[in-house]
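Input: a single structure, listed below in structure tokens.
The values are calculated or read from the model by the stated rules, or taken from the named source; none is laboratory data. In this text the structure is predicted, and so the values were computed from the model without any measurement. Neighbour counts are summed over all protein chains in view; Cβ atoms, including those assigned to glycine, are modelled from backbone coordinates with ideal geometry. With ligands, DNA and RNA removed, areas are computed over all heavy atoms of the protein, side chains included. Shrake-Rupley method; radii C 1.70, N 1.55, O 1.52, S 1.80 Å.
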Amino acid sequence: MATEKTFYLETFGCQMNAHDSEKVIGTLRRQGYRQVEAEEDAGLILYNTCSIRDKAEQKVFNRLNDYKKLYKLGKRFAVLGCVAQQEGEKIFDRAPYVSLVSGSASYRKLPEMLSRLEAGESRITGLDDRQTDETFETEFTARQNPYRAYITIIEGCDKFCSYCVVPYTRGKERSRTSSSVLTEAWRIADLGYTEIQLLGQNVNSYRDPEGKRSFAELLAAVGEVPGVRRVRFTTSHPRDFTRDIVEAIDSVPTLCDHVHLPVQSGSARILASMAREYTPEWYLERIAWIKSAKRPISISTDIIVGFPGETADDFIKTMDLLAEVEYDCVFAFRYSARPNTPALVMIDSIPDAEKAQWLQVLLERQREIQRINYSKHIGDIVEVMVEGANPARGQISGRSSQNKPVNFEWSGPIAPAPGSYLRVKIIGAFPNSLVGQAV
Ligand code: SAH
Ligand code: SF4
Ligand code: F3S
């Protein structure tokens with residue numbers, strides 16, 4: 001009797017990784033594999049990994065360590081994603097029970113790599129040294145969310161910020177044709193998805209290989225696909241943020257009122273050392289465009305605290321920028337030294353305790369900013385896409401176009417289904433969420 005082919009897949013890291021996993025799952029199913037919910041039940045265990053900061057990377061090796069006893073039961077292990085590309089064959093030395101190591105730029109070869117694995121081969125690699133021009137597209141994507149669909153429009157990164165692993169782990173920057181993106185958007189809308197999220201490490205660095213559409217034009221075209229009610233895009237890089245993106249949001253109602261625009265630091269000196277290639281003034285000019293839009297566009301950002309050489313004075317400049325922009329959401333990270341990156345050799349003299357304190361000061365200040373921002377919504381009527389319901393407590397949760405979480409009570413006989421859209425009156429606010437009443 002032939003044994004059934006089963007797999008377990010766990011994903012770490014960003015939305016690009018989450019979406020890659022959907023494509024990997026589709027590829028595995030196509031090869032006759034069935035997905036299971038526990039490592040114990042799987043013949044093949046895959047980890048799709050992240051190495052953006054040291055903690056993310058450590059998680060993968062901890063997980064492999066936890067489960068290596070399963071290897072003795074005849075299970076096979078595969079490491080995919082950014083740690084796979086970064087560490088390459090070294091993973092076989094550190095975890096000899098791993099049989100397959102592949103970075104995201106080699107997923108097109110997955111069917112072939114899986115066949116070799118099934119034939120009993122070990123130490124199979126799919127590694128790419130920033131050579132590939134190909135993107136990973138498949139019609140078998142196993143989308144995990146029934147109403148929100150991801151579409152990767154650009155892969156890789158050519159920006160080489162001095163602290164960042166992505167250009168090394170994800171390969172060189174390459175965009176899909178706008179025709180293929182639109183074909184996928186139409187197909188997804190036909191299947192009933194109403195929210196589309198366009199993805200890219202720098203989504204707005206998109207360059208149509210066919211030369212038909214700019215990023216803003218593609219955004220608008222996706223927003224005009226019949227059936228699509230919400231379009232989001234992430235992450236935007238300030239250097240490629242053009243004014244026509246704001247104009248597109250202003251003129252196409254389905255484009256959401258939200259831009260995520262990572263600044264990293266408010267100090268010109270630190271930004272230069274990070275190789276971000278913009279100044280705080282340049283960044284703030286883009287913020288002014290967004291704020292002068294006809295629609296109320298919410299702005300969020302990423303910040304790195306404690307970059308090598310950062311002084312208290314630099315940190316104050318970041319705090320000043322925070323106060324000036326008044327973000328609705330900030331992801332702040334303590335700087336983490338990463339392999340292969342130029343910042344690795346920069347002298348990092350700030351004690352960890354001080355970095356931790358700066359981070360805390362920043363987050364507390366940001367909480368106050370958000371408390372004020374969110375309370376301004378009281379009295380508004382917003383459209384909410386329902387994400388979850390707790391029928392026992394009569395509570396529904398969802399998100400506004402601005403991506404703010406909205407929670408509200410429901411007393412009707414049938415709770416609104418996830419993926420449905422409702423109008424909600426905002427009656428209360430916290431620093432990270434709104435409280436409402438369905439109208
Ligand atoms: N391409 C996006 C960011 C992608 S990585 C951009 O350039 O804006 C997501 C976030 O992780 C970054 O914005 C940055 O804030 C953080 N990050 C990246 N490398 C890091 C490192 N070495 N240490 C700490 N945070 C890091
Ligand atoms: Fe990393 Fe910079 Fe590329 Fe963003 S733009 S992925 S931070 S190298
Ligand atoms: Fe992590 Fe790779 Fe994404 S390093 S954040 S999974 S691009």
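Quick notes on this structure:
- With every protein chain in place, the range 241-301: carbon and sulfur % of accessible area (1.4 Å): 58
- Integer Hz, Karplus 6.51/-1.76/1.60 couplings in order for the range 190-196, x for Gly and Pro: 4, 7, x, 6, 10, 10, 10
- Sequence of LYS355, LYS90 when ordered by accessible area, the most exposed leading, probe 1.4 angstrom: LYS90, LYS355
- In Å, descending, principal axis extents of the Cα set of the range 73-224: 51, 38, 23
- When the range 1-56 is reduced to its Cα atoms, the Kirkwood hydrodynamic radius in Å: 12.1
- For the range 371-387, the Karplus equation 6.51 cos²θ - 1.76 cosθ + 1.60, evaluated at θ = phi - 60°, returns couplings of 4, 5, 4, 5, 5, 5, 7, 4, x, 5, 10, 10, 8, 10, 8, 6, 10 Hz by residue, with Gly and Pro reported as x.
- Between GLY436 and ASN407, PHE408, GLU409, ILE427, the built amide H atoms are under 5 Å apart, and every one of these is 5 or more places off in sequence or on another chain.
- Portion, in percent, of the accessible area of the range 358-439 that falls on carbon or sulfur, probe 1.4 Å: 53
- The range 246-377: translational diffusion in µm²/s, Stokes-Einstein, Kirkwood Rh over Cα pairs, 25 °C, 0.890 mPa s: 155
- Placed amide H near PHE77: partners under 5 Å, 5+ positions off or other chain: ILE45, SER99, LEU100
- Under Karplus coefficients 6.51, -1.76 and 1.60, residue-wise ³J(HN,Hα) of the range 37-44 in Hz, glycine/proline x: 8, 10, 3, 4, 8, 9, x, 10
- With the cut-off at under 13 Å, measuring from each backbone N in the range 180-199 to a point 7 Å along the Cα-to-Cβ line of ASN145 picks out 193-199.
- For the chain, the list of Cys residues with no other Cys C-beta under 4.7 Å reads CYS14, CYS50, CYS82, CYS157, CYS256, CYS329.
- Only Lys, Arg (+1) and Asp, Glu (-1) charged, at Cβ; the chain dipole about Cα centre in debye: 700
- Beta bridges per DSSP with both ends in the chain, % antiparallel, nearest 5: 35
- Annotation: average projected area of the range 5-126 is 6.5 square nanometres, based on the convex hull of Cα atoms across all directions.
- Expressed in Å, the radius of gyration and Dmax of the Cα atoms of the range 148-372 are 18.4, 55.
- Computed helical MRE - 222 nm, the chain, DSSP H runs ≥ 4 contributing -39500 (n - 2.57), nearest 500: -10000 deg cm²/dmol
- Radius, Kirkwood style, for the range 381-438 when every pair of distinct Cα atoms is counted (Å): 11.0
- Relative contact order for the chain, counting Cα pairs under 8 Å that sit 6 or more residues apart, in percent: 10
- All lysines inside 18 Å of LYS159 as judged from Cα atoms, apart from same-chain residues fewer than 8 positions distant: LYS172
- Under 5 Å between amide hydrogens, built in the peptide plane, is the criterion, and for LYS5 it picks out ARG34 among residues at least 5 positions away or on other chains.
- Note on LYS355: lysines with a C-alpha under 24 Å away, same-chain residues under 8 apart excluded, are LYS55, LYS59, LYS317.
- Multiplying each eigenvalue of the alpha-carbon gyration tensor of the chain by 5 and taking the square root yields semi-axes of 35, 29, 22 Å, largest first, rounded to whole angstroms.
- With the biggest extent put first, the Cα atoms of the range 127-195 measure 41, 22, 20 Å across the principal axes.
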